[in-house]
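Visitor: Let me begin by handing over the structure; questions about it come next.
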């Protein structure tokens, strides 16, 4: 059965901007371990009468991916590529055949994410194969809904 969001593995896209090309990095040996919203609500309390007001600043998204690096044909090159795109604005696709997240500010534009953490780990078996825990967070609020 086909999914509305896609059936394949995640990918990230980096756009060099200025009419230059974009680079796509596929993450075929990965499992999404966390994908959830983080709504930012700010509360204001009056010093005069104690009344409270809240302001919704939007919903950001956090995505964590467990990537089995040892399954790549050239794990060193893939690791270096991911390190290069750390802390740069990326378009994140949860499934390479699906849709990216959409920006809440302008519906239709791709939401930008940043790769904040690349945490190496070893698979805990007798072979101690390499893996990476990747953590992405949206730079701006995302629109929570179905793609149009």
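Just so it is clear, none of the values below were taken in a lab; they were calculated from the coordinates. Owing to the predicted nature of the structure, the values given are computational and were not obtained by experimental measurement. Glycine also receives a Cβ, built like all others from the backbone with ideal geometry; neighbour counts cover every protein chain displayed.
Visitor: For the chain, I need the span (max minus min coordinate) of the C-alpha atoms along each principal axis, in Å, sorted largest to smallest.
Guide: If we take the Cα atoms of the chain, the spans are 64, 39, 38 Å.
Visitor: Could you give the nm distance between label points at residue 44 and residue 95, where each point is 7 Å from its Cα heading toward the beta carbon?
Guide: Distance between the two pseudo-spin positions: 4.2 nm.
Visitor: To the nearest 10 degrees, how steep is helix 75-84 against the longest Cα principal axis of the chain, on a 0 to 90 scale?
Guide: The two axes meet at around 30 degrees.
Visitor: Additional query: Using per-residue counts of other Cβ atoms within 10 Å, averaged over each peptide, order 105-117, 33-45 from highest down.
Guide: Ranking, from highest mean packing down: 105-117, 33-45.
Visitor: Could you give the nm distance between label points at residue 76 and residue 54, where each point is 7 Å from its Cα heading toward the beta carbon?
Guide: It is 5.3 nm.
Visitor: Another question about this same structure. Relative contact order, percent, of the range 11-143 when contacts are C-alpha pairs under 8 Å separated by at least 6 residues?
Guide: Relative contact order, the range 11-143: 25 percent.
Visitor: Continuing with the same structure: Would you mind computing, in nm to one decimal, how far apart the modelled labels at residue 86 and residue 137 are, each placed 7 Å from Cα along Cα→Cβ?
Guide: That separation, rounded to one decimal, is 1.6 nm.
Visitor: Would you mind putting 51-58, 70-77 in packing order, based on average other-beta-carbon counts within 10 Å, highest first?
Guide: 70-77, 51-58
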